């Protein structure tokens, strides 16, 4: 970990705690506790393993610093993007019926869906409130510009989420249906993090645009990689069952490729739910039909586009190096 | 209906439709349809009966106009408060397991909770985006001020919602626990509507404060009235079963009063769930113990405070009269 990351990561946690402390009030302690549990700070299994990697706030602060300004005043924006991410995780876990996150019971498992919906809503509201804190350091016009970007991004998240859920019951999908879904679900927020960081870093318009592209392609590459790991990944490095994407019937890129081939994989897939025992052979069959190579090529292509965009953005100093390292770490990840 | 209301109501619907049309895009039609269904514009039972009364946007536009400015530029703010209200209704219906709203199946009943959570999230995001449209007519500082108020209000909504849900399983509550809950759930948004309208209407600080008080007390009075109707109301005018609040175990003001008396009502209440057959006699018993009079007095007191605040705000012209009429209609409502 670079020296810069050693400053950024604790500053991000402190800022997030400060934002969430708006709920640390009489009668509301148990509600506040639900948010701090979800954020990984309290309750069973709390600690660095439970907080997630804080990729989004890091991207925001690093793009800001790599544009040549101090990252400290951008902290509320970094908190805002992480709060948006966590709002979407809490609702996602309810929607997907996911019982574990970072190896811990999810919020709805601990407190039930009604309270967990409210936890997600509160995280979302807190992201809005965090943004308003930017007024202390930035002109009102910049704050509104950043807010507009984040709100548009949140609408993209709901669009992606809708597509993801609506795809579950459909078997008439093509590969073309894949990209709008992950653009909304994954890439939009990473693009916004980089764009917002660059705006607050006073980058010129062209640099803001390529930083945004960088985040967008980073998000696409990351998601496509995740689709590969979800079927052919090593359980010990990903921390989740490699069988899960096929078992859950997720319409990931390899599956959509396999369906388009209309071969033995598609026949079995369309034949109804799989048993755990069938999964390894079907994953192999899918690879034999070319889905793994196709998906890896797509991931490589998105990775190249991300790296090219970052090069064009020409990030400066230690922040620039750290940003490149972070991107490489995310794109070459094994788990 | 006054001439002014005849202009305002269709303008509000048009503005809401314009905001929600952000989701009217390829692949997203069914998602857009879920929002237009909830708003009362499409699907079974669509029409004026299904839209609700649009009290919140009316308050925003009327306070703006009663401060002496045009109401038209404030339309995005009016849409924003109504979208916030509807976001909270969609999530509320899931959380409360409510199957009907305005006599129609709720969103989660029609499409399931996962998609309905996303519909609520989208309505919330759209309220944020609506606010950013204010930049076309108002300085960035005013837009940020209004946004800050609405975000604080949304946090109040989640606080109130948490209290409401957490009270369900508690029998150690006192009357003091009632007010923070309804202040968040009901009064905060009405207060924000009036405050925002006054700010956009360029009212001076003192007038903004009393308009805010007006909305706050209006909300409290409205909710306390609703508690009375929920136990002793006439089913034919309220459109919901009068038994429902007692049957559902709702910790409304009359119930908290009855529990504090620790008499026959409290004994039966603490004895476990009621049957429908027991409800009429228990409602009478609760009235005999003084709960109905006590609650009516509280409603009258809040009504007086609302009317006094409105008088202090000194609303002008036709908008001022319409605002007073609207308040009277809400406070003296039979259903």
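Couple of notes before you dig in:
- The set of residues in the stretch B:17-32 being more than 10 Å from every other protein chain (Cβ to nearest Cβ) and either loosely packed, with under 13 Cβ neighbours inside 10 Å or closer than 15 Å to residue B:71 by Cα (or both) consists of B:29 alone.
- Subset of the stretch A:33-49 [under 19 Å from residue A:84 (Cβ atoms) and either touching a residue at least 24 places away in the same chain (Cβ under 8 Å) or at the interface with another protein chain (Cβ under 10 Å from one of its Cβ atoms) (or both)]: A:34, A:35, A:37, A:38, A:39, A:40, A:41
- Filtered by the rule that a residue be over 21 Å from residue A:318 (Cα atoms) and at pLDDT below 95, the stretch A:60-96 gives a lone residue, A:96.
- Test: residue in the stretch B:128-141 that is in a helix (DSSP H, G or I), within 16 Å of residue B:50 (Cβ to Cβ), at the interface with chain A (Cβ under 9 Å from one of its Cβ atoms) and in contact with a helix residue (DSSP H, G or I) (Cβ under 8 Å, 6 or more places away or on another chain): no
- Close contacts from the stretch B:200-212, counting a first residue that is over 18 Å from residue B:143 (Cα atoms) and a second that is surrounded by fewer than 24 Cβ atoms within 10 Å (Cβ to Cβ), with Cβ to Cβ under 6 Å and a gap of 6+ residues or different chains, come to B:210/B:309; B:210/B:312.
- Flag if residue B:146 is part of a helix (DSSP H, G or I) and either within 7 Å of another protein chain (Cβ to nearest Cβ) or farther than 21 Å from residue A:87 by Cα (or both): yes
- Any chance residue A:179 is buried (at least 22 other Cβ atoms within 10 Å of the Cβ), touching a helix residue (DSSP H, G or I) at 6+ places or on another chain (Cβ under 8 Å) and without any contact (Cβ under 8 Å) to a residue 60 or more places away in the chain: no
- Looking at the stretch A:1-76, the helices (runs of 4 or more DSSP H) lying wholly inside it that each contain 3 or more residues that are more than 25 Å from residue A:331 (Cβ to Cβ) sit at A:3-20, A:29-39.
- Checklist (1) under 20 Å from the mean Cα position of the chain (by Cα); (2) under 28 Å from residue B:292 (Cα atoms); (3) at pLDDT 95 or above applied to residue B:176, failing item: (1)
- Selected residue (criterion: farthest from the other protein chains (Cβ to nearest Cβ)) from residues of the stretch A:156-176 that are surrounded by fewer than 17 Cβ atoms within 10 Å (Cβ to Cβ) and in contact (Cβ under 8 Å) with a residue 40 or more places away in the chain: A:171
- In summary, residue A:115 fulfils each of the numbered conditions (1) under 18 Å from the mean Cα position of the chain (by Cα); (2) within 14 Å of chain B (Cβ to nearest Cβ); (3) modelled with pLDDT of 95 or more with the single exception of condition (1).
- Top-ranked residue of the stretch A:77-103 - restricted to ones that are in a loop (DSSP other than H, G, I, E, B) and more than 14 Å from chain B (Cβ to nearest Cβ), ranked as nearest to residue A:150 (Cα to Cα): A:102
- Residue match in the stretch A:140-147 (condition: in contact (Cβ under 8 Å) with a residue 60 or more places away in the chain and more than 22 Å from residue A:99 (Cβ to Cβ)): yes
- Restricting attention to the stretch A:242-289, the residues that are exposed (fewer than 14 other Cβ atoms within 10 Å of the Cβ), at pLDDT 95 or above and assigned to a loop (DSSP other than H, G, I, E, B) total 1.
The values are calculated or read from the model by the stated rules, or taken from the named source; none is laboratory data. It should be emphasised that the depicted structure is a prediction, and the values quoted were computed from it without experimental measurement. Every residue, glycine as well, gets a Cβ built from its backbone with ideal geometry; the counts of neighbours run over all protein chains shown.
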